[in-house]
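**Student:** Quick one: the structure is below, and I'll ask about it shortly.
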Amino acid sequence: MPDRKPPSRTARAPTRRRPPKPVDAGTLRRIFERFREAEPEPQGELEHVDPYTLLVAVVLSAQATDRSVNIATAKLYGVASDPAAMVALGEEAVAEYIRTIGLYRIKAKNVVALSRRLLDEHGGVVPPSRAYLESLPGVGGKTASVVLNMAFGEPTIAVDTHVFRLSHRIPLLIAPTPDAVQRGLEERIPREFLPHAHHWLILHGRYVCKARRPDCPRCLIADLCRYPDKTLPAPPADGAAAA
Ligand code: SF4
């Protein structure tokens, strides 16, 4: 049996680093001023032409990339871009159009079912009602928030994986669940920034403050962010220093 070394008397138990506190209100405002200055009118990346095609695209985007959804909806919306046409197309055919997207069978079922509900209950029109949207098949709080924000300009923040990560990294707000982050951000972020806050955060998380390795050297809020493990610029390639 191997000797087990006794712990050194001077050894210290590993300490867990305390996360930084969320930025103060003034810094939070400056962060969103920077986002606004860089991109005054940020756009979502899901292709759509009206609230209905947006709703369907967001339902399809669960656990799928926007790009894969856009490829599928380009064909699907060519034959069915309103609730009546979607119901007429039917679940099997919808599934064929979206089969390159994960969970396509259940998504096809939900899209046809929600289209039928919209036809029967709202004349085929998507109403700006969170309660109603969340009652539709395949539509949860996040999807409802995206539709209310993008289609109806409501100051909501849909908390996806990017927004949740950024909120804790910068930090804007620390809270245990996406719902709590949403409520907290909607309270903390000044109202003038709320209509676009969701897109600024998503796009920043997707292209700069990425999950595995944030690109801090090219981050426009690096001096305001309190993340303790910011990345450094890449070292020059071989030979570049000597040149
Ligand atoms: S400085 Fe780095 S960690 Fe902070 S927001 Fe920018 S990319 Fe993210």
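Computed from the coordinates by the stated procedures, all read-outs in this text should not be read as laboratory data. These numbers come from a predicted model, not from an experiment. No Cβ is skipped: glycine too gets one built from the backbone with ideal geometry, and neighbour counts run over all protein chains shown.
**Student:** Restricting attention to the range 97-174, which trypsin sites (Lys or Arg not before Pro) occupy a DSSP loop and are surrounded by at most 16 other Cβ atoms within 10 Å? Spell out each step's value before the answer.
**Tutor:** On the way: sites: R99, R105, K107, K109, R116, R117, R130, K142, R165, R169; in loops: R99.
In loop regions of the range 97-174 (DSSP not H, G, I, E or B), the sparsely surrounded trypsin sites (Lys or Arg not before Pro) are R99.
**Student:** Kindly state, to the nearest 0.05, the FRET efficiency for T161 paired with R105, given R0 = 25 Å and r defined as their beta-carbon distance.
**Tutor:** On the way: r = 24 Å, r/R0 = 0.95.
The calculated FRET efficiency here is 0.60.
**Student:** With the cut-off at 1.5 for a/c, could you classify the range 51-152 from its C-alpha gyration tensor as rounded, prolate or oblate? The partial results should precede the final answer.
**Tutor:** Values: a/c = 1.65, a/b = 1.22, b/c = 1.36.
Since a/c reaches 1.5 but b/c is at least a/b, the shape of the range 51-152 is classed as oblate.
**Student:** Another question, then. Could you check the spin-label model distance between E192 and R206? Points 7 Å from the Cα along Cα→Cβ, value in nm.
**Tutor:** 2.7 nm
**Student:** Given the rule -39500 (n - 2.57) for each run of at least 4 DSSP H residues, summed and divided by the residues of the chain, what is its mean residue ellipticity at 222 nm, to the nearest 500 deg cm²/dmol? Numbers along the way, then the final one.
**Tutor:** Details: 11 runs with 123 residues, N = 243.
That comes out to -15500 deg cm²/dmol.
**Student:** While we're looking at this one, here's another question. What do you get for trypsin sites (Lys or Arg not before Pro) in the range 176-216 restricted to DSSP loop and a cutoff of at most 12 other Cβ within 10 Å of the site's Cβ?
**Tutor:** Working: sites: R183, R188, R191, R206, K210, R212; in loops: K210, R212.
When the trypsin sites (Lys or Arg not before Pro) of the range 176-216 are filtered for loop state and at most 12 Cβ neighbours within 10 Å, R212 remain.
**Student:** Next question. Please provide three numbers in whole Å: the alpha-carbon extents of the chain along the principal axes, with the largest listed first.
**Tutor:** Taking max minus min along each principal axis of the Cα atoms, the chain gives 74, 58, 47 Å.
**Student:** So how far apart, in nm, are the two label points at R226 and T177 if each is 7 Å from Cα heading toward Cβ?
**Tutor:** 2.5 nm
**Student:** Using a Förster distance of 35 Å, how high is the FRET efficiency between E92 and E134, based on the Cβ-Cβ distance and rounded to 0.05?
**Tutor:** On the way: r = 27 Å, r/R0 = 0.77.
Using R0 = 35 Å, I get an efficiency of 0.85.
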